[in-house]
Amino acid sequence: MKFDYVIKGGKVVSGRETFVGDIGIGEGKIRAVGKDLKGPTSERTYDARDCYVMPGIIDSHTHMNLPVSGTVSSDNFFTGGRAGVHGGVTTIIDFTTPEPSQSLPEAIKSRKEEAMDCPIDFSFHGTLYGFDSKKPEIQEAIKLGVTSFKFFTAYGESNRRTPDGELFNAFREIGELGGISMIHCENDEIIRHRRKELSSSGKKTIEYHPESRPDFSESEAVGKVIHLGKKASGRLHLAHLTTEESVELLREGKRSGIDLSGETCPQYLLMTETAYEEENGHRYAATPPLRQDADRNALWSGLESGVINSIATDHCPFQNKQKDEFKNDFLNIPQGLPGIETMSSLIFSEGVRRDRLSIERMVELISTNPAKRFGLHPDKGSLTVGTDADVVVFDPNKSKTIEAKNLHMNTDFNPYTGKTTYGWPRFVFSRGTPILEDDQFVGRRGSGKWISRKLKD
Ligand SMILES: [Zn+2]
């Protein structure tokens, strides 16, 4: 059998087992997985000894070039995609949001143009503010390969909230079509009230951010959304869960038989609201806010037990100067954190090395499960023969001390500055082509492909 490349002698993490073996790659696909593969005409062998070999990582929640609070997130599809490659990411699912004058299919087309120079494969969730008037466009979007739709229960002040009546219709009708409703769950009324209260008493520095969006404002919305989803027979995915109660509600919701999944992000697993008390605490501004230790622990157990299905980054970086302008005004600061490049190493360091997660579970959380949930599997998220050769050779002993300038995300801020993490990719392949070799990005601008997603695995 002819291979273009053979990855030799790595610990192949495939499904629920890990075994020492080789992977043969040819014409962009995985051609063989086994022991002692020989490709007589193979061009190059990649030594994977002592490394894990895993399917390409999928970041199913990113915001490249996102307009926020009068500015734009600082990574575009090229810089953000390239930074992702340094962290083993080979596919992203970003978002497309129709302008008021635009239909969702039009928005998908123009966002695809914007993503043209992405160096890794990409897809979008369709973001909708409201549902009823957008209903006719859903089927068209599905034909274009967008099979998940994002709604907010909060952000009423900026007209992004979908009212409950429309939310119910969305869950029912998107569910009937086999699509997924992805929901940002926070209670709009509580947040609006608290923001007003804090603002009028002059409490505008970042340490009041958690108070403005308390844990129960999230769990109230999670509970409501799950309840509506159940009544509507919807298929739901809950974005960026942060609290202990949310994990509990997710667990109960799943037990009640609803088609439900949930995600969390590294920032909620690694940091707490004490970050906001730091000198430049405003730079950690993100929504939902960072929480407390009990929440972090609950999120880790939710990942370990399988209650939480996936980890994604909500990658939405800003330069310090973009945030510093609002140092004393959390009400208007651009909210978001960089994350795409550091996810795999942080989760490996804090999860696998600390025995909170097995390596197989980590791969499920950052690759296989998002691939399955969002209609990318088995081409993405697996190492099955015949599927896309998106492969990461992950060196568990490679370490790096995190600092913005050692990384490739387009920001001078990193929330984990000074932290040494273990486990970084040594080689990364995208559809059979090497795109990272020993810390060097060797991919190409624009070589990422638009991925038309399926409706149901
Ligand atoms: Zn987001």
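Would you check which residues across the range 57-69 are within 13 Å of the ligand (Cβ to nearest atom) and among the aliphatic types (A, V, I, L, M) and list them?
MET64, LEU66, VAL68, listed by residue number.
Which count do you get for residues in the range 239-260 that are of a type in the set (Gly, Ala, Ser), under 13 Å from SER310 (Cα atoms) and away from the ligand (no atom under 16 Å from the Cβ)?
The number of residues fulfilling the criteria is 0.
Is there any pair linking a residue in the range 63-84 that is in contact (Cβ under 8 Å) with a residue 12 or more places away in the chain and at negative phi to one that is part of a helix (DSSP H, G or I) and within 15 Å of the ligand (Cβ to nearest atom), with Cβ under 9 Å and at least six apart or on different chains, and which?
HIS63/GLY80; MET64/GLY80; SER73/GLY80; SER74/GLY80; GLY84/MET343
Being out of contact with any helix residue (DSSP H, G or I) (no Cβ under 8 Å at 6 or more places or on another chain), part of a loop (DSSP other than H, G, I, E, B), at negative phi and more than 16 Å from the ligand (Cβ to nearest atom) is the requirement here; does ARG354 meet it? Working first, answer last.
On the way: out of contact with any helix residue (DSSP H, G or I) (no Cβ under 8 Å at 6 or more places or on another chain): yes; part of a loop (DSSP other than H, G, I, E, B): yes; at negative phi: yes; more than 16 Å from the ligand (Cβ to nearest atom): yes.
It is true that ARG354 is out of contact with any helix residue (DSSP H, G or I) (no Cβ under 8 Å at 6 or more places or on another chain), part of a loop (DSSP other than H, G, I, E, B), at negative phi and more than 16 Å from the ligand (Cβ to nearest atom).
Of the residues VAL53, VAL20, VAL13, which single one is of a type in the set (A, V, I, L, M, F, W, C), surrounded by fewer than 17 Cβ atoms within 10 Å (Cβ to Cβ) and either outside the structural domain of SER158 (by TED's automatic domain parsing) or not in a loop (DSSP other than H, G, I, E, B) (or both)?
Testing whether each residue is of a type in the set (A, V, I, L, M, F, W, C), surrounded by fewer than 17 Cβ atoms within 10 Å (Cβ to Cβ) and either outside the structural domain of SER158 (by TED's automatic domain parsing) or not in a loop (DSSP other than H, G, I, E, B) (or both) leaves just VAL20.
Before we move on, is GLY375 part of a loop (DSSP other than H, G, I, E, B), crowded, with 20+ Cβ neighbours inside 10 Å and not acidic (Asp, Glu)? Spell out the reasoning first.
Working: part of a loop (DSSP other than H, G, I, E, B): yes; crowded, with 20+ Cβ neighbours inside 10 Å: yes; not acidic (Asp, Glu): yes.
Yes: the conditions hold for GLY375.
Condition check ((1) of a type in the set (D, E, K, R); (2) surrounded by fewer than 17 Cβ atoms within 10 Å (Cβ to Cβ); (3) in contact (Cβ under 8 Å) with a residue 40 or more places away in the chain; (4) in a helix (DSSP H, G or I)) across all residues:
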| residue | (1), (2), (3), (4) |
| --- | --- |
| ASP94 | yes, no, no, no |
| PRO100 | no, yes, no, no |
| ILE108 | no, no, no, yes |
| PRO119 | no, no, yes, no |
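Of these, GLY234, GLY302, GLY281, which one is more than 16 Å from the ligand (Cβ to nearest atom) and touching a strand residue (DSSP E or B) at 6+ places or on another chain (Cβ under 6 Å)?
Only one candidate qualifies: GLY234.
Can you tell me which of ALA48, ALA115 is small (Gly, Ala, Ser), surrounded by 22 or more Cβ atoms within 10 Å (Cβ to Cβ) and more than 18 Å from the chain's Cα centre (by Cα)? Break it down stepwise before answering.
Numbers: ALA115 fails: more than 18 Å from the chain's Cα centre (by Cα).
Only one candidate passes the filter, namely ALA48.
For the structure I just gave you, tell me whether PHE348 is in contact (Cβ under 8 Å) with a residue 24 or more places away in the chain, outside the structural domain of GLY24 (by TED's automatic domain parsing), assigned to a loop (DSSP other than H, G, I, E, B) and not acidic (Asp, Glu). Don't jump to the end; show me each part of the working.
On the way: in contact (Cβ under 8 Å) with a residue 24 or more places away in the chain: yes; outside the structural domain of GLY24 (by TED's automatic domain parsing): yes; assigned to a loop (DSSP other than H, G, I, E, B): no; not acidic (Asp, Glu): yes.
No; evaluated as a whole, the condition is false for this residue.
Can you tell me which residue among THR45, THR41 is over 23 Å from THR91 (Cβ atoms), part of a strand (DSSP E or B) and at pLDDT below 95?
Result: THR45 is the single residue among THR45, THR41 that is over 23 Å from THR91 (Cβ atoms), part of a strand (DSSP E or B) and at pLDDT below 95.
Could you check how many residues of the range 230-284 are of a type outside the set (Ser, Thr, Tyr) and within 22 Å of MET343 (Cα to Cα)?
Residues that pass the stated criteria total 20.
Only one of THR287, THR272, THR242 is closer than 28 Å to SER344 by Cα, at pLDDT 95 or above and in contact with a strand residue (DSSP E or B) (Cβ under 8 Å, 6 or more places away or on another chain). Can you tell me which?
Being closer than 28 Å to SER344 by Cα, at pLDDT 95 or above and in contact with a strand residue (DSSP E or B) (Cβ under 8 Å, 6 or more places away or on another chain) holds for just one of THR287, THR272, THR242, which is THR242.
Report yes if some residue within the range 70-88 is crowded, with 18+ Cβ neighbours inside 10 Å, within 16 Å of the ligand (Cβ to nearest atom) and over 27 Å from ASN332 (Cβ atoms); otherwise report no.
Yes.
Rundown of residues vs (1) assigned to a helix (DSSP H, G or I); (2) touching a residue at least 24 places away in the same chain (Cβ under 8 Å); (3) not aromatic (Phe, Trp, Tyr), yes/no style:
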{"site": "PHE124", "(1), (2), (3)": "no, yes, no"}
{"site": "GLY130", "(1), (2), (3)": "no, yes, yes"}
{"site": "LYS135", "(1), (2), (3)": "yes, yes, yes"}
{"site": "HIS193", "(1), (2), (3)": "yes, no, yes"}
{"site": "LYS204", "(1), (2), (3)": "no, yes, yes"}
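I'd like the full set of residues that are over 18 Å from the mean Cα position of the chain (by Cα) and not in a loop (DSSP other than H, G, I, E, B), limited to the range 357-371.
Within the range 357-371, ILE359, GLU360 meet the criteria.
Among the residues of the range 23-37, what is the count of those that are free of Cβ contacts under 8 Å to residues at least 40 places away in the same chain and surrounded by 12 or more Cβ atoms within 10 Å (Cβ to Cβ)?
Qualifying residue count, the range 23-37: 3.
Name the one entry in SER212, SER199, SER217 that is more than 16 Å from the ligand (Cβ to nearest atom), surrounded by fewer than 19 Cβ atoms within 10 Å (Cβ to Cβ), in contact (Cβ under 8 Å) with a residue 24 or more places away in the chain and closer than 21 Å to ILE333 by Cα.
One residue alone meets the criteria, SER199.
The values are calculated or read from the model by the stated rules, or taken from the named source; none is laboratory data. What you see is a predicted model, and the numbers here were worked out from it, not measured in a lab. All Cβ positions, even for glycine, are placed from backbone atoms using ideal geometry, and neighbour counts span all protein chains on display.
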